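The values are calculated or read from the model by the stated rules, or taken from the named source; none is laboratory data. Not measured: the values here are computed from a predicted model. With ideal geometry, Cβ positions are generated from the backbone for all residues, glycine too; neighbour counts draw on all protein chains shown. The protein model used for the area step is the full one, side chains on, heavy atoms only, and it has no ligands, DNA or RNA in it. Shrake-Rupley method; radii C 1.70, N 1.55, O 1.52, S 1.80 Å.
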Amino acid sequence: MRLHFRGVVLPEGEVRDLWVRDGLISDEPIRDAETVHTGGWILPGLVDAHCHVGIKHGGGHEDSAGAVAQAEVERDAGALLLRDAGSPIDTRFIDDRDDLPRIIRAGRHIARPKRYIRELGIEVDDERELPDIVAEQARRGDGWVKLVGDWIDRSVGDLAPLWSDAILKAAIDAAHDAGARVTAHVFGEDALPGLLNAGIDCIEHGTGLTDDTIALMAAHGTALVPTLINIDTFPGIADGATKFPTYAAHMRDLHRRSRETVAKAHEAGVPIYTGTDAGGGIHHGRIADEIRALTEAGFTPHAAVAASSWHARTWLGHPGIEPGAPADFVVYQEDPRENPAAVATPALVVLRGRVYHRRSPVTANR
């Protein structure tokens, strides 16, 4: 298939011709190519850097057809690269589908018994086993491992860390020795110092970040994926936690200051990328809502779009729009750097050189 596109190509912002042959971008004109679109803005495929293909909306395991449907929704929203931050099912069959986004898997969540969502993760009875389990998940994943860093501890009635500092250091070292990076689910404040000092590569959510832990992240180059549209569910979680009033108050406070927390991390130079936490409580296909949420946290529209496209692709080791790269890009009628709301309505989605016309926008579950 030979295709031709012309428009303002981002991030450079120059009007260019893009040629596609056999699913790859070419830097040379291609004779007899079909001109698909001229005008508009052409953006490297969007990235949802924290989602869960394989977790059913509302909870539980998806079947294969359901996982495919989730991936299709992400594709049609323009999210063509997904970092799956923990799935209870094996989704590698999706890799054989040229019509579905590329998935970078972090294996399964690793947690302690009764300290995470039931049946989703691997439960570790003795934390001394954590380094070996991390190494195993590193071998099974796509260069990432996912830890649960904190969760409610019913014996204390609030968020609390799951792991000792010493075992975290050994586990993260084991992942690094296996060539994998490590990320962790963290809502509260107390688990962050141990994770950051152990050399973790990324923090998910990070609502409990303080000036001190933000400074640690900036110094170490630790990334943050704040999942702000998921954080907006915290008040509802608190409303359902009547047996644990301290925890409920803590969750409300974390939500209240979430935009300010992300703004402080951004100002300090912490690398920040978009992730929706789709799967479970959040519908797939909401990357545009997460980009909007970053602008509410002080990002310029340009910076918010970059965090969801070319910067995120570089962080995850995938190319943008360049010769020889897969033809994965999204075409918009408006400049998303000026109007990030335009991200919600792509004119065309191009995945591995195949053109998909936009479907109806996803309805946000607010």
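Within region 183-199, identify whether any single residue is on the phi > 0 side of the Ramachandran plot, surrounded by fewer than 24 Cβ atoms within 10 Å (Cβ to Cβ) and modelled with pLDDT of 95 or more, and answer yes or no. Yes.
Within region 88-119, the residues that satisfy the criterion of being in a loop (DSSP other than H, G, I, E, B) and open to solvent by less than 10 Å² (accessible area, probe 1.4 Å) are THR91, LEU100, PRO101, ALA106, HIS109. ALA160 meets the conditions (1) open to solvent by 20 Å² or more (accessible area, probe 1.4 Å); (2) in contact (Cβ under 8 Å) with a residue 12 or more places away in the chain; (3) over 22 Å from the mean Cα position of the chain (by Cα) in every case but one. The failed one is (1). In region 302-314 there is at least one residue matching the filter, namely being more than 14 Å from the chain's Cα centre (by Cα) and over 13 Å from PRO44 (Cβ atoms). Exactly one residue out of THR242, THR246, THR274 is modelled with pLDDT of 95 or more, polar (S, T, N, Q), open to solvent by 40 Å² or more (accessible area, probe 1.4 Å) and not in a helix (DSSP H, G or I): that is THR242.
Residues that are acidic (Asp, Glu), touching a Leu at 6+ places or on another chain (Cβ under 6 Å) and either at pLDDT 95 or above or outside any loop (DSSP other than H, G, I, E, B) (or both) do occur in region 317-337, at least one of them.
Of everything in region 120-157 that is among the aliphatic types (A, V, I, L, M), more than 19 Å from the chain's Cα centre (by Cα) and assigned to a helix (DSSP H, G or I), the residue that is surrounded by the fewest Cβ atoms within 10 Å (Cβ to Cβ) is ALA135. Within this structure, ASP289 passes the test of being acidic (Asp, Glu), assigned to a helix (DSSP H, G or I) and open to solvent by 10 Å² or more (accessible area, probe 1.4 Å). The number of residues in region 1-28 being farther than 21 Å from LEU81 by Cα, in contact (Cβ under 8 Å) with a residue 12 or more places away in the chain and open to solvent by 90 Å² or more (accessible area, probe 1.4 Å) comes to 4.
Out of the residues in region 249-260 that are surrounded by fewer than 23 Cβ atoms within 10 Å (Cβ to Cβ) and free of Cβ contacts under 8 Å to residues at least 60 places away in the same chain, which is farthest from GLY236 (Cα to Cα)? Result: GLU260.
Filtering region 32-83 to residues that are closer than 12 Å to HIS284 by Cα, in a strand (DSSP E or B) and either of a type in the set (Gly, Ala, Ser) or at pLDDT below 95 (or both) leaves ILE55, ALA79.
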